[in-house]
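Report on the following structure.
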Amino acid sequence: MKNFFLFLVIIFFNSCQYFEKQVPSEKELLQKELKSINWKEVDEYPSVEDCEKISDKIQRQQCFFEIMSQLIQEKLDIDTLSILYPELDTIEVKVTVFPNSTLEFEPQFPKDSVTYDTIKIDSILRARLIDFPKVNPAIKRGIPVKSQFILPVILKEKEQK
C-alpha cells in the first residue's frame, strides 16, 4: 500500500505540469497585435465643428471633405489662378492634417504635357490657404495621428454649351 501511495504522489506532482498553460511573451503579443492593426485606415477621420454632430463615420468623412473642398475653393476663387492658367479648371490639393491640428496644402500636378509654373501655383496656394477653422485630427486607437488626402478643387466651372 505504501508503494501505491508513493506512486500516486509521484503521478500527482508530475501531472501538474500537464495543466500549466504556456503564457505567450510580451513581444509575441505585441507583434500579434501590431499585425492585426490596419495601419492604412483611421478609426475616426479628421473633422470640423460643423461635422461633429454627425454620428455615421462615412457621412462624417464626406461632410469633412465637402467642407474642406468648399473652403479651399472659396479662398482660391478670389485669385488669379484661372487667369494665369485658363486651361486649368481643377487642381488637386494634397491636404495633410497633423496631430496638433495644423494643416499643410500641397498642389498635385498632372503628369500630362502641359507644364505649369509649380513654384508660382504653390506660392499662391500657401498665401491663400490660411485661416481655416479648427480641424480635429484623425484618431487611431484613441491617439491623434497625421492623415493625408487629396481633394479635387474646381477653379472654374466648365462652360455649358
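For region 30-45, which positions are part of a loop (DSSP other than H, G, I, E, B) and not acidic (Asp, Glu)?
Filtering region 30-45 for residues part of a loop (DSSP other than H, G, I, E, B) gives 37-43, 45.
Matches in region 30-45: Ile37, Asn38, Trp39, Lys40, Val42, Tyr45.
For region 71-89, filtering for residues that are exposed (fewer than 13 other Cβ atoms within 10 Å of the Cβ) and either at pLDDT 90 or above or not in a loop (DSSP other than H, G, I, E, B) (or both) leaves 2.
Scanning region 106-161 for residues that are modelled with pLDDT under 85, assigned to a strand (DSSP E or B) and surrounded by 17 or more Cβ atoms within 10 Å (Cβ to Cβ) yields Pro107, Val153. Contact annotation: residue pairs with Cβ atoms under 7 Å, 6 or more positions apart or on different chains, pairing a residue in region 78-102 that is at positive phi with a partner that is at pLDDT 90 or above, are Ser101/Val135; Ser101/Asn136; Ser101/Pro137.
A single entry from Glu66, Glu92 fulfils the requirement of being acidic (Asp, Glu), within 26 Å of Pro46 (Cα to Cα) and modelled with pLDDT under 90: Glu92.
The values are calculated or read from the model by the stated rules, or taken from the named source; none is laboratory data. A quick note: this is a predicted structure, and the numbers were derived from the prediction, not measured. Glycine gets a Cβ as well: all are built from the backbone with ideal geometry, and neighbour counts include every protein chain shown.
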